[in-house]
Amino acid sequence: MSFVKGLQCKECGENYPADRSYICLNCFGPLEVIYDYDRLARALSPEVIGKRDRNLWRYKELLPVEGEPVAGLTSGYTPLIKAVRLAQELGVKNLYIKDDSANHPTYSYKDRVVSVALTRGRELGYEVFACASTGNLGNAVAAHCAKAGYASLIFIPHDIEQAKITGSLIFGPRIVALQGNYDDVNRLCSEIGDAYGWGFVNVNLRPYYTEGAKTMGFEIAEQLGWRLPDHMILPTAGGTLLPKVSKAFRELQTLGWVKGSYRIYTAQAEGCAPVVHALHRNSNQIEPEKPHTLAKSIAIGNPADGPYVLREVRNSNGWGETASDEEILEAIDLLARTEGIFTEPAGGTTLAVTRKLIQQGRIAPDETIVVGITGNGYNVLDTFTARVSLYTVLRPNLKIFREWYEAQVATPQATTAGTAG
């Protein structure tokens, strides 16, 4: 049973049926799914959800689908880790990592949104799926389409990390690299979707695609014992994730399932921060920027949902900050050595910003903090090659090993590559 009432324009409030529409015909604003919460509250409860399989579809009634899922049966319900050692480093008590770097099958939060987009896309009659991607989304579309038996096309900027291209190619999609940045790619994809009638998950399926991001918020609340975190910090790229996690928290409040209130914060790389810069200017106008940062997965200079990130941050009395490339890399190192989690630069950005928010006094040391880690560092290994210390090569001889080891203990230093003996 579906509890979807239809689609509604996020700008003027005009209502539409839950069909292939994705832009308001009156004001050209984006459309969003709306639900019948009264019926939902009568049909569903936390107790019912708690008995279900631990994947994102445990919240099916709060998602815009009618039938059985076509993807995502192993996606979602990622760990919420109490980060004790990291908390000590940052001087706080109740710090949690929502670790979507452990998501399946492509190790980023994009497994959530793609699962919902493909399922709803099938219901709407699409047979070919595509996306504009900075890497992680392409991996997810390729993998989930391969599993479901659909053809897929991935359109990417020509300069994204080779590891991410390989991560998509292994699943057999058609990949087209276009000269220019993500915003150039996205514009062309809008035209291609109209011309060919393909289901672009983050363009003409966007109202349904974005709803998949809510599942991160549902999981966090459930994993905290149906409580909301005091502070939620998330990265912003195109602006899909943060508004939908916030929507998830508000839906749970509407249903009466959770205790507490929350503030939500946006994190962006210093080299591409149009939303944070608008926030700091106290402006509603997001000025497009040309990206220049190693955090390529969040390097979107003209974010489609940027205005809604601003809205949710302000409505919750949250804030936003940026992190330099060096701060991002330092945060990645910090997370790895304290909690054994290897994140990509998007996650490093979020943690670096969390540290700044704590230092600024915006987050009190004894309050509950959740940091959203949205992707895995193994997807972008090339980014870290020059930063990681090289290892030592020795001949298999005890005397040689003892001399090397005792020299290192006596004079600790970074080892360098080479052969001894």
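The values are calculated or read from the model by the stated rules, or taken from the named source; none is laboratory data. Since we're looking at a predicted model, the values are computed, not measured. Every residue, glycine as well, gets a Cβ built from its backbone with ideal geometry; the counts of neighbours run over all protein chains shown.
Residues that are over 22 Å from the mean Cα position of the chain (by Cα) and free of Cβ contacts under 8 Å to residues at least 24 places away in the same chain do occur in region 145-155, at least one of them. The number of residues in region 345-399 that are of a type in the set (Phe, Trp, Tyr) and within 16 Å of the chain's Cα centre (by Cα) comes to 1. Among the conditions (1) over 20 Å from the mean Cα position of the chain (by Cα); (2) in a strand (DSSP E or B), the only one that LEU234 does not satisfy is (1). If the condition is being farther than 8 Å from THR119 by Cβ and hydrophobic (A, V, I, L, M, F, W, C), then region 64-79 contributes only LEU73.
Applying the criterion of at least 3 residues that are surrounded by 12 or more Cβ atoms within 10 Å (Cβ to Cβ) and of a type in the set (A, V, I, L, M, F, W, C) to the strands (runs of 3 or more DSSP E) found wholly in region 11-104 leaves 31-35.
Please verify whether TYR208 is modelled with pLDDT of 95 or more and closer than 14 Å to GLY372 by Cα, treating the condition exactly as stated. Here the answer is no, as TYR208 does not meet what is asked. Can you run down the residue pairs with Cβ atoms below 6 Å, 6 or more apart or on separate chains, where the first is in region 41-62 and on the phi < 0 side of the Ramachandran plot and the partner is exposed (fewer than 14 other Cβ atoms within 10 Å of the Cβ)? Listed by first residue and then by second, the contacts come to ARG58/ARG52. Only residues that are touching a strand residue (DSSP E or B) at 6+ places or on another chain (Cβ under 8 Å), of a type in the set (A, V, I, L, M) and modelled with pLDDT under 90 were counted across region 161-181, and they come to 1.
Out of ASN139, ASN204, one residue alone is outside any loop (DSSP other than H, G, I, E, B) and within 25 Å of PRO243 (Cα to Cα). It is ASN139. Scanning region 245-277 for residues that are outside any loop (DSSP other than H, G, I, E, B) and acidic (Asp, Glu) turns up just one, GLU251.
Filtered by the rule that a residue be in contact with a helix residue (DSSP H, G or I) (Cβ under 9 Å, 6 or more places away or on another chain), in a helix (DSSP H, G or I) and at pLDDT 95 or above, region 278-297 gives ALA278, LEU279. Considering region 144-170, the residues that are hydroxyl-bearing (Ser, Thr, Tyr) and assigned to a helix (DSSP H, G or I) include one that is nearest to ALA132 (Cα to Cα), namely SER168.
Residues checked against (1) surrounded by fewer than 17 Cβ atoms within 10 Å (Cβ to Cβ); (2) among the aromatic types (Phe, Trp, Tyr); (3) farther than 24 Å from ARG85 by Cβ; (4) not assigned by TED's automatic domain parsing to the domain that holds ALA87:
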site: ILE300; (1), (2), (3), (4): no, no, yes, no
site: TRP319; (1), (2), (3), (4): no, yes, yes, no
site: ILE332; (1), (2), (3), (4): no, no, no, no
site: ARG355; (1), (2), (3), (4): no, no, no, no
site: ARG362; (1), (2), (3), (4): yes, no, no, no
site: VAL371; (1), (2), (3), (4): no, no, no, no
site: ASN379; (1), (2), (3), (4): no, no, yes, no
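Residues of region 108-135 being surrounded by fewer than 24 Cβ atoms within 10 Å (Cβ to Cβ) and either assigned to a loop (DSSP other than H, G, I, E, B) or aromatic (Phe, Trp, Tyr) (or both), which ones? Within region 108-135, LEU124, GLY125, TYR126, GLU127 qualify. Only residues that are charged (D, E, K, R), surrounded by fewer than 23 Cβ atoms within 10 Å (Cβ to Cβ) and either in contact (Cβ under 8 Å) with a residue 12 or more places away in the chain or within 19 Å of SER261 (Cβ to Cβ) (or both) were counted across region 321-330, and they come to 3. For region 202-229, residues that are of a type in the set (Val, Ile, Thr), touching a helix residue (DSSP H, G or I) at 6+ places or on another chain (Cβ under 6 Å) and over 21 Å from SER190 (Cα atoms) total 1. Does ARG311 satisfy being without any contact (Cβ under 8 Å) to a residue 24 or more places away in the chain, surrounded by fewer than 20 Cβ atoms within 10 Å (Cβ to Cβ), part of a helix (DSSP H, G or I) and not aliphatic (A, V, I, L, M)? No: the conditions fail for ARG311. Could you list all residues from region 171-183 that are outside any strand (DSSP E or B) and surrounded by fewer than 17 Cβ atoms within 10 Å (Cβ to Cβ)? Correct list: GLY172, GLN179, GLY180.
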